[in-house]
Amino acid sequence: MLAGLRDYEPGQELATATRLRREHPAELVSAALGMARLRQRAVAKFGAEDAYRMYFTPGGVEQATRASVAAHRARRFAELGVRSVADLCCGIGGDAIALARAGISVLAVDRSEETCEVVRANAAALGLGGLIEVRRADVADVDTSGYDAVFVDPARRGGRGRIFDPEAYSPPLSWAVEAARTARHAALKIAPGIPHEIIPAEAEAEWISDGGDVKEAVLWFGTGAPGARSATLLPGPYTLLGAGLPDPEPGPVGRYLYEPDGAVIRAHLVADVARQVGGRLIDPTIAYVTADKMRTTPYAAAYAITDVLPFNLKKLKAIVRERAIGVVVIKKRGSAVEPEELRRKLKPSGPNSCVIFLTRVAGAPSMLLGQPAAG
Ligand SMILES: C[S@@+](CC[C@H](N)C(=O)[O-])C[C@H]1O[C@@H](n2cnc3c(N)ncnc32)[C@H](O)[C@@H]1O
């Protein structure tokens, strides 16, 4: 029945349920429809081919690592020579699956019975049962000494939504750090907004984005790079390793504006991108880099700037009208202006397009106009 629900339309739920109930018990039908909905949601993380073979719980889809990020992490573990990992807090198996596919044996631990059943079913459905051993336990009770590495992805959602305090994660970050310290190699998945000051000195911190969206940060232990900061951009993959540079000096807006990827910004590596493109900041507090030459980098989107003006709505409206701009992309950093409200006021119309940056230049509210720069 579940296989037949692959293309089911949520809008047709009642009709589908009525049809299925003619042949199946009502309870089974509602379980199948629930799973079909979860599979549809999971496609964005796992791709259709895997998502329609896997099983999920609502919280499990939400919290699972997307396949691209999990595969990147598994690759790094494999490069470290890791052959076995204790995946403490395995959830529905996003990471366990990627590790197994990298040829690594996994002990997948979760305290939820239902989640353990789901990860077991997923391992079997994907033909990875031989590499994934599932154990229902509290992570605190698991002896990880026989494993090459430990991976912890604590639950960061509670009854009242997302948890921001790392000590309120389950298990708390301090517990995960201690577990990492006892292992030869370890990785801890954490929220990308983690304050840099609470990162343990011996850890390497990596921020990961996929398709331009920052997904997570990872604290690596036992990689031989204590204190390192890096940003990895998927699908690339491109990894920028921080050189510990001081912030670049601010200066006037040049012909090009570079907008660093979110992972670069979170990793505090804007200075490294500025050095790559021979650029400077437009303001000491704003993560936009400017330069007079165009240099292609995967770590920042580049724009050719045509106008640099103090922020003025009347003036902007006039420009949009005179230049027949019908498509405006509004980006902002360090501005309180609401992009959608501004768009309504601008009433764009015409065949041309423009990117508008609402920001601060040397402290002054400014608007920069431009176009994506050809690489
Ligand atoms: C963020 S999810 C893991 C997601 C997983 N990495 C994936 O990609 O599917 C966290 C999981 O940790 C489990 N968990 C939380 N505290 C735990 C504990 N003390 N012992 C065992 N499991 C725990 C939760 O049941 C939940 O399934």
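The values are calculated or read from the model by the stated rules, or taken from the named source; none is laboratory data. Not measured: the values here are computed from a predicted model. Positions of Cβ are backbone-derived with ideal geometry, glycine not excepted, and every protein chain shown enters the neighbour counts. Note: accessible area is taken over every heavy atom of the protein model, side chains too, but ligands, DNA and RNA are not part of it. Shrake-Rupley method; radii C 1.70, N 1.55, O 1.52, S 1.80 Å.
Rounded, prolate or oblate for the stretch 305-375? Axes are the square roots of the Cα gyration tensor eigenvalues, ordered a ≥ b ≥ c, and the cut-off for rounded is a/c under 1.5. It would help to have the intermediate numbers written out before the result.
Details: a/c = 1.65, a/b = 1.23, b/c = 1.34.
Oblate.
Using the Karplus curve 6.51 cos²θ - 1.76 cosθ + 1.60 with θ = phi - 60°, work out ³J(HN,Hα) for each residue of the stretch 107-122 in order, rounded to whole Hz, and write x for Gly and Pro.
These are the phi-based 3J(HN,Hα) values: 9, 9, 10, 8, 8, 8, 4, 4, 4, 4, 5, 5, 5, 5, 5, 5 Hz.
Using each residue's phi in the stretch 222-235, evaluate 6.51 cos²θ - 1.76 cosθ + 1.60 at θ = phi - 60° and report the 3J(HN,Hα) Karplus result to the nearest Hz, with x for Gly and Pro.
These are the phi-based 3J(HN,Hα) values: x, 9, x, 9, x, x, 5, 10, 9, 10, 10, 10, 9, x Hz.
Scan the stretch 8-74 for GluC sites (Glu not before Pro) in coil per DSSP, keeping those whose Cβ has at most 12 other Cβ atoms within 10 Å, and list them by number.
Answer in residue order: E23.
Looking at the stretch 64-240, I'd like the Rg to Rh ratio, where Rg is from alpha-carbon atoms and Rh is Kirkwood's inverse mean 1/r.
Numbers: Rg = 15.0 Å, Rh = 16.1 Å.
Result for the stretch 64-240 is an Rg/Rh of 0.93.
Could you please state, rounded to a whole Å, how far the C-alpha centre of the stretch 198-228 is from the C-alpha centre of the stretch 265-302?
Taking the Cα centre of each part, the stretch 198-228 and the stretch 265-302 sit 21 Å apart.
Which residue, Q276, M367, A187, has the largest displacement toward the positive end of the dipole of the chain when charges sit on each Cβ (Lys, Arg +1; Asp, Glu -1)?
Ranked along the dipole, the leading option is M367.
Just to confirm, what accessible area per residue do you get for the chain at 1.4 Å probe, in whole Å²?
Values: 17750 Å² over 375 residues.
With all protein chains present, the chain gives 47 Å² per residue.
Counting only Cα atoms, I'd like the Rg/Rh figure for the stretch 256-372, Kirkwood definition for Rh.
Details: Rg = 14.2 Å, Rh = 14.6 Å.
Here Rg/Rh amounts to 0.98.
Give a residue-ordered list of calculated ³J(HN,Hα) values for the stretch 12-22 (Karplus: 6.51 cos²θ - 1.76 cosθ + 1.60, θ = phi - 60°; whole Hz; x for Gly, Pro).
The phi angles translate into 9, 4, 5, 4, 5, 4, 4, 4, 5, 5, 5 Hz.
Of K293/K331; K189/K345; K45/K332, which ones are farther than 31 Å apart at the Cα?
Details: K293/K331 22 Å; K189/K345 42 Å; K45/K332 28 Å.
Table pairs above 31 Å Cα-Cα are K189/K345.
On the Cα set of the stretch 171-306, report Rg and Dmax in Å, please.
16.1, 55
Where nothing but the Cβ of Lys and Arg (+1) and of Asp and Glu (-1) is charged, how large is the charge dipole of the chain around its Cα centre, in debye to the nearest 20?
On the way: 47 positive and 43 negative charges, 333 e Å.
Here the chain has a charge dipole of around 1600 debye.
Residue separation times 0.36 nm, minus the C-alpha to C-alpha distance between L309 and S170: what's the value? If you can, show how the numbers build up before the last one.
Values: separation 139, 0.36 × 139 = 50.04 nm, distance 4.89 nm.
Answer, rounded to one decimal: 45.2 nm.
Starting from the Cα gyration tensor of the stretch 2-53, take the square roots of the eigenvalues, sort them a ≥ b ≥ c, and report rounded, prolate or oblate (rounded when a/c is under 1.5, otherwise prolate if a/b is larger than b/c, else oblate). Could the numbers behind the result be given before it?
Details: a/c = 2.57, a/b = 2.01, b/c = 1.28.
Prolate.
Mind listing the long-range amide H neighbours of M294? Cut-off is under 5 Å, sequence gap 5 or more, other chains count too, H placed in the peptide plane at 1.01 Å from N.
Amide H to amide H, under 5 Å and 5 or more residues apart or across chains, M294 pairs with nothing.
Per DSSP H run of n ≥ 4, the term is -39500 (n - 2.57); total these for the chain, divide by its residue number, and report the mean residue ellipticity at 222 nm rounded to 500 deg cm²/dmol.
Values: 11 runs with 115 residues, N = 375.
Value at 222 nm, helices only, nearest 500: -9000 deg cm²/dmol.
Can you work out D for the chain in µm² s⁻¹ from Stokes-Einstein, where Rh is the Kirkwood radius over C-alpha pairs, the temperature is 20 °C and the viscosity is 1.002 mPa s? Before the final figure, lay out the partial values.
On the way: Rh = 23.2 Å.
Rounded to a whole number, D works out at 92 µm²/s.
Can you pull the percent of the stretch 108-208's accessible area that's carbon plus sulfur, 1.4 Å probe, other chains left in place? Please report the intermediate quantities before stating the final value.
Working: 2330 of 4810 Å².
Exposed carbon and sulfur together represent 48 percent of the surface.
Ignoring ligands, DNA and RNA, please state the percent of accessible area on the stretch 31-97 from carbon and sulfur, probe 1.4 Å.
Values: 1250 of 2330 Å².
Answer for the stretch 31-97 is 53 percent, counting heavy atoms of protein chains only.
Mind ordering 86-97, 266-277 by average Cβ neighbours within 10 Å, highest first? Could the numbers behind the result be given before it?
Numbers: 86-97: 28.6, 266-277: 21.8.
Put in order of decreasing packing, that is 86-97, 266-277.
In the stretch 256-372, carbon and sulfur make up what percent of the accessible area (probe 1.4 Å)? Intermediate results must be reported in sequence, preceding the final value.
Working: 2930 of 5500 Å².
Ligands and nucleic acids excluded, carbon and sulfur reach 53 percent.
Just want to confirm a number: the relative contact order over the stretch 2-53, from Cα pairs under 8 angstrom separated by 6+ residues, in percent.
Values: 27 pairs, mean separation 21.0, N = 52.
For the stretch 2-53, the relative contact order is 40 percent.
Once you keep just the Cα pairs under 8 angstrom separated by 6 or more residues, what percentage relative contact order results for the chain? All intermediate terms of the calculation are to be shown ahead of the outcome.
Values: 731 pairs, mean separation 32.5, N = 375.
Over the chain, the number comes to 9 percent.
If you average the sequence gap of Cα pairs under 8 Å that are 6 or more apart and divide by the length of the stretch 256-372, what percent do you get for the contact order?
Numbers: 224 pairs, mean separation 32.1, N = 117.
Result for the stretch 256-372 is 27 percent.
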